[in-house]
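Asker: Here it is: the structure, laid out below.
Nothing in this text is a laboratory measurement; each read-out follows from the coordinates by a stated rule. Note that the coordinates shown come from a computational prediction; the quantities given were computed from them, not determined experimentally. Cβ coordinates were reconstructed from backbone atoms using ideal geometry, including for glycine residues, and neighbour counts include every protein chain displayed.
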Amino acid sequence: MEKDACFELGYVLKTHGLNGSVSVFLDVDFPEEYENLESVFIEVNKKLIPFFVETIHIAKGKANIKFEDIDQIEKAEQLKGCKLFLPLELLPKLEEGQFYYHQVINYQVWDEQKGLLGKIQSIYEMPNQDLIAMDFQGKEALIPVSDEIIEKVDHEAKIMYVKLPEGLLDIYLED
């Protein structure tokens, strides 16, 4: 499985008990949607390796997972810090107008006042406010992810329509 065909589910925090179980942080909005996982891909040495789930218990955004063939704490220790991935087709379906961050990379940004602005380069997930990084006239401009700013996303045309606050882009044009 290629990493481009997957989304990051979370990562292994630590071992849990002595039987090879691990504690996993689930970096998703609704962790309980993953309580029936049969397998995951774990990134080991920059390769995605399939691991089959023996048991999983989810509580408060974390999961305790026992993988098949990981039956000793020493084996589980080797997974600490490793990222877990699932195929993109396992992402929960979104309602109209919603989007996953990975979907909008390379979308064009269209402002209702200024027209075409640039292309989305990445999304920064920050503690207080997620930010869209856009290439604007050769510079990185940051747009807050907010319902007041993002009006709609056209997945077919690959355009994000925004209503930017007055003066937001001006700060990126100053030298």
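Asker: 222 nm [θ] for the chain, helices only, -39500 (n - 2.57) per DSSP H run of 4+, per residue, to 500? Spell out each step's value before the answer.
Answerer: Numbers: 2 runs with 9 residues, N = 175.
Taking each H run of at least 4 residues, the total per residue is -1000 deg cm²/dmol.
Asker: If we count other beta carbons within 10 Å of each Cβ, what is the order of C82, C6, fewest first?
Answerer: Least to most surrounded, the residues fall as C82, C6.
Asker: Where in region 1-107 are there trypsin sites (Lys or Arg not before Pro) that are in a DSSP coil and have at most 11 other Cβ atoms within 10 angstrom of their Cβ?
Answerer: Working: sites: K3, K14, K46, K47, K60, K62, K66, K75, K80, K83, K93; in loops: K46, K60, K80, K93.
Filter output for region 1-107: K46, K60, K93.
Asker: In region 78-95, which residues have a backbone nitrogen under 13 Å from the label point lying 7 Å from F30's Cα in the Cα-to-Cβ direction?
Answerer: Only 91-95 fall inside the zone, counting backbone N under 13 Å.
Asker: Please report, for the Cα atoms of the chain, the Rg to one decimal and the Dmax as a whole number; what are they, in angstrom?
Answerer: According to the Cα coordinates of the chain, Rg and Dmax are 19.7, 60 Å.
Asker: Mind giving me the FRET efficiency for E74 and K158? R0 is 41 Å, r the Cβ-Cβ distance, nearest 0.05 is fine.
Answerer: Working: r = 47 Å, r/R0 = 1.16.
Efficiency at R0 = 41 Å is approximately 0.30.
Asker: Could you tell me the relative contact order of region 3-89? Use alpha-carbon pairs under 8 Å, at least six residues apart, and round to a whole percent. Kindly include the intermediate steps, with their values, before the conclusion.
Answerer: On the way: 188 pairs, mean separation 37.0, N = 87.
Worked out over region 3-89, it gives 43 percent.
Asker: K14's amide H: which non-local residues (gap 5+, or another chain) put their own amide H closer than 5 Å, with H modeled 1.01 Å from N in plane and none for Pro or chain starts?
Answerer: Under 5 Å from the amide H of K14: S23.
Asker: A further question follows. Taking neighbour counts of Cβ atoms within 10 Å as a proxy for exposure, in what order, fewest first, do T55, T15 appear?
Answerer: Details: T55 10, T15 21.
Exposure proxy ranking, most exposed first: T55, T15.
Asker: Another question about this same structure. Between A133, A141, A59, find the one with the highest GNM mean-square fluctuation for the chain; connect C-alpha pairs within less than 10 Å.
Answerer: Maximum fluctuation in the GNM of the chain, among the listed residues, is at A59.
Asker: Scan the chain and report its longest stretch carrying no chymotrypsin sites (Phe, Trp or Tyr not before Pro) that are both in a DSSP loop and have at most 15 other Cβ atoms within 10 Å. Could you put the intermediate results ahead of the total?
Answerer: Details: sites that count: F99, Y100.
The longest uninterrupted stretch comes out as 1-98.
Asker: Which whole-Hz ³J(HN,Hα) couplings does region 98-109 yield from phi under the Karplus relation 6.51 cos²θ - 1.76 cosθ + 1.60, θ = phi - 60°, glycine and proline marked x?
Answerer: Each residue's phi maps through the Karplus curve to give 8, 7, 8, 4, 4, 5, 9, 4, 6, 6, 7, 10 Hz.
Asker: Under a crude label model (7 Å from the Cα following the beta-carbon direction), how far is M1 from S146 in nanometres?
Answerer: Here the answer is 3.7 nm between the modelled labels.
Asker: Given the pairs K60/K139; K62/K119; K3/K119; K83/K114, which are separated by over 32 angstrom at their Cα positions?
Answerer: Details: K60/K139 39 Å; K62/K119 35 Å; K3/K119 23 Å; K83/K114 40 Å.
From K60/K139; K62/K119; K3/K119; K83/K114, over 32 Å: K60/K139; K62/K119; K83/K114.
Asker: Whole-Hz ³J(HN,Hα) for each residue in region 50-61, computed from phi via Karplus 6.51 cos²θ - 1.76 cosθ + 1.60 with θ = phi - 60°, x for glycine and proline: what do you get?
Answerer: Going residue by residue, I get x, 10, 9, 7, 8, 9, 8, 10, 10, 7, 6, x Hz, with x marking Gly and Pro.
Asker: Okay, next question. For D130, enumerate residues with amide H under 5 Å from its amide H, sequence gap 5+ or separate chain, H modeled in the peptide plane.
Answerer: For D130, the qualifying residues are V145.
Asker: Beyond 13 Å, how much of the Cα-Cα pair distribution for region 101-173 remains, as a whole percent? Don't skip to the end; give the middle numbers.
Answerer: Numbers: 1655 of 2628 pairs.
Summing the P(r) tail past 13 Å for region 101-173 gives 63 percent.
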